[in-house]
Amino acid sequence: MSVYPSGTVNLVHREFSAHHAPHSHAGRVMRRDRGRSHYAVQVNDTLFFACASVGPDSRTVAALSPRLKRHFGRLAYVVAIVRVLVDWRRDKIEILCEGRAITCEAFYVAKGRYFAGPWSIAQDARLGVPLLHVLALTKARRRDFIRLVWALLTGRRADALAGVTAFTCTALTARAAANLPVQADGDIAADLPAGFELRPDPILFR
């Protein structure tokens, strides 16, 4: 498989530090360079490659206007997040992992290093390592979300914040009383309840 950056942002391409010039990218593919292995994650009946979340981020993606995104690009996300901030919701979510139950109001699953651009929700996560990094926010009030965003913008470790439970695993399930949306790689991929499982067979990217 070959990945070339298009759309709003491409987190896989960013982590691979691959070529941006079309002719350079095509030359690398045609030369059959060794490439890199990546372990994808299955969420219900689809796959994601970099990151997923349930909470304010996923509600922002669900509120995104495709028409605004076509015309204004990333600015459409600003409009969507303002809508979410005005109509703020806090839903109880239960994460089940390896016999452990964690109650939270938002959570993030990082397969790769980057989240929503050049920022990192889990600085130790890597595409080529068969491990999921999970961050769960015990409370997801507006101030908790803003504190998390500020930590990402300033390069601080999100897993060191108060009220955050961080752990690694290869599979988990999440459920809630409401059918909350799951965003994966910038799109809505499923609703809760959902299972997240690392695929055992890596994909080779060039």
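The values are calculated or read from the model by the stated rules, or taken from the named source; none is laboratory data. What you see is a predicted model, and the numbers here were worked out from it, not measured in a lab. Positions of Cβ are backbone-derived with ideal geometry, glycine not excepted, and every protein chain shown enters the neighbour counts. All accessible areas refer to the heavy atoms of the entire protein, side chains included, with ligands and DNA or RNA removed. Shrake-Rupley method; radii C 1.70, N 1.55, O 1.52, S 1.80 Å.
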Condition met for residue 134 (modelled with pLDDT of 95 or more and under 15 Å from residue 169 (Cα atoms)): yes
Given (1) of a type in the set (A, V, I, L, M, F, W, C); (2) in a strand (DSSP E or B); (3) more than 16 Å from residue 166 (Cα to Cα), index of the condition residue 134 fails: (3)
Filter pass, residue 52 being open to solvent by less than 50 Å² (accessible area, probe 1.4 Å), modelled with pLDDT of 75 or more and closer than 24 Å to residue 78 by Cβ: yes
Residue in segment 134-152 that is surrounded by fewer than 21 Cβ atoms within 10 Å (Cβ to Cβ), among the basic types (Lys, Arg) and without any contact (Cβ under 8 Å) to a residue 12 or more places away in the chain present: yes
Total residues in segment 169-206, condition part of a strand (DSSP E or B), open to solvent by less than 80 Å² (accessible area, probe 1.4 Å) and within 28 Å of residue 77 (Cα to Cα): 14
Residues within segment 109-133 that are touching a residue at least 40 places away in the same chain (Cβ under 8 Å) and open to solvent by 30 Å² or more (accessible area, probe 1.4 Å), tallied: 9
Qualifying residue in segment 80-94 (condition: closer than 30 Å to residue 201 by Cβ, in contact with a strand residue (DSSP E or B) (Cβ under 9 Å, 6 or more places away or on another chain), open to solvent by 20 Å² or more (accessible area, probe 1.4 Å) and modelled with pLDDT of 90 or more): yes
Top-ranked residue of segment 153-168 - restricted to ones that are of a type outside the set (A, V, I, L, M, F, W, C), under 18 Å from residue 111 (Cβ atoms) and not in a helix (DSSP H, G or I), ranked as most open to solvent (accessible area, probe 1.4 Å): 157
Only listed residue being open to solvent by less than 40 Å² (accessible area, probe 1.4 Å), in contact with a Ser or Thr (Cβ under 7 Å, 6 or more places away or on another chain), over 16 Å from residue 184 (Cβ atoms) and of a type outside the set (A, V, I, L, M, F, W, C), chosen from 73, 35: 73
